[in-house]
Every structure is written in C-alpha cells, then in structure tokens.
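Visitor: I have a structure here, written as structure tokens, and I will follow up with some questions on it.
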Amino acid sequence: CVGASWKDHEAQRLSLQAEINTLTAQLADLARKHEKTCTEVRVITELSKQVFRLKEALGALTPPLPRSPSPPSSGIPGQQFALQNRVTALTQQLQDCERKHKAVVSIYRSHLLAAVQGRMDEEVQALLLQILRMTQKGQN
C-alpha cells in the first residue's frame, strides 16, 4: 500500500513537472511574441512621426498644388511633387504596418487567451513542446 502511494505521488509529481515545463515554454513563446509586437509598435510609431514631419515640411513649402498625374516642370514645384509622392508612399507604408500590427496583436491575444483557458491549437502546442525539448537539451 505504501509503495503504490509513493508511485502515485511520483507520477503526479512528474505530471505536474511536465505541466510546469509546458507552461514555462508557453510563457517564453508569449514573451517573444510580445517583444516582436513591441518592436512593430516602435516601428509604426517612428513611421508615423516621419509622415507627420514630412507633412509639416510639405505644408511649409508652399500652398498645396492640385494633384496632377504628371510632375510639374521645374524647381520648387518639382520638389513639392516629390515630397507629396514620398508622403503618399509613407502613408501607405504606415497603413500596411498598422494592418500587420493589428493582425499580430490579434494572433497574440488569441494564443494568450487559449493558453490561459488551458486549450491550445495543436500546431502551437507542438511548437511549444519542441521549444521545451530544445530548452531541456540545452540545459543538459
């Protein structure tokens, strides 16, 4: 009776240790995803600042020209046209970054919620187990 009790405790301890290892790996993965998201937020913020500065510089040059498909022929209007094109390109790039950021945050939140609720996508769980095995090999 004592042997069976010890075996039960040992099995439970091993099960709990495996669960701790899995959760630790999940936490590490979520931390990496969080860091990636933070990096993307910094990039988006920097792009936003750059677009704002370019818009201010463009506004300070001269009154806005009507948008035309062909560039003006000379001097300052040509620079203004180039700046307008740059602002348009940066605005598009900023919008693309914002869309990507929203997608990353959405995925991050869904993985975090799934982990907290104790359910996880099989693919994510397989990746976490792989990370766990690699971590354990690195510790040995």
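Visitor: What whole number of Å gives the distance from the Cα centroid of segment 92-129 to the Cα centroid of segment 1-49?
Guide: 15 Å
Visitor: Can you match volume of the Cα convex hull per residue in Å³ to one of these, [x] 158; [y] 111; [z] 212, based on a calculation from the structure here?
Guide: Among [x] 158; [y] 111; [z] 212, the one derived from this structure is [x].
Visitor: Setting aside same-chain residues fewer than 8 positions from K100, which aspartates and glutamates have a Cα under 14 Å from its Cα?
Guide: E40
Visitor: Which FRET efficiency value, to the nearest 0.05, is calculated for N85 and A126 with the Förster distance at 35 angstrom and r the Cβ-Cβ distance? Don't jump to the answer; show the numbers that get you there.
Guide: Working: r = 46 Å, r/R0 = 1.32.
E(calc), rounded to 0.05, equals 0.15.
Visitor: Counting pairs of alpha carbon atoms under 8 Å apart in space and at least six apart in sequence, what relative contact order in percent does segment 2-139 give?
Guide: 41 percent
Visitor: Using each residue's phi in segment 27-38, evaluate 6.51 cos²θ - 1.76 cosθ + 1.60 at θ = phi - 60° and report the 3J(HN,Hα) Karplus result to the nearest Hz, with x for Gly and Pro.
Guide: Each residue's phi maps through the Karplus curve to give 4, 4, 5, 5, 5, 5, 5, 5, 5, 5, 4, 4 Hz.
Visitor: If you don't mind, there's one more thing I want to ask. Setting aside same-chain residues fewer than 8 positions from K7, which aspartates and glutamates have a Cα under 19 Å from its Cα?
Guide: Qualifying aspartates and glutamates at Cα under 19 Å: E19.
Visitor: Using only Cα atoms and rounding to the nearest 10 degrees, what angle (0 to 90) does helix 75-116 make with the longest principal axis of the chain?
Guide: 20 degrees
Visitor: A further question follows. What FRET efficiency comes out for K7 versus S110 if R0 is 41 angstrom and r is the Cβ-Cβ distance? Round to the nearest 0.05. Can you show the working numbers first?
Guide: Values: r = 39 Å, r/R0 = 0.96.
Approximately 0.55, to the nearest 0.05.
No value in this document is a laboratory result; all are computed from the given coordinates. On a predicted model such as this, the values are computed, not experimentally measured, just so you know. All Cβ positions, glycine included, derive from the backbone under ideal geometry; neighbour counts span all protein chains shown.
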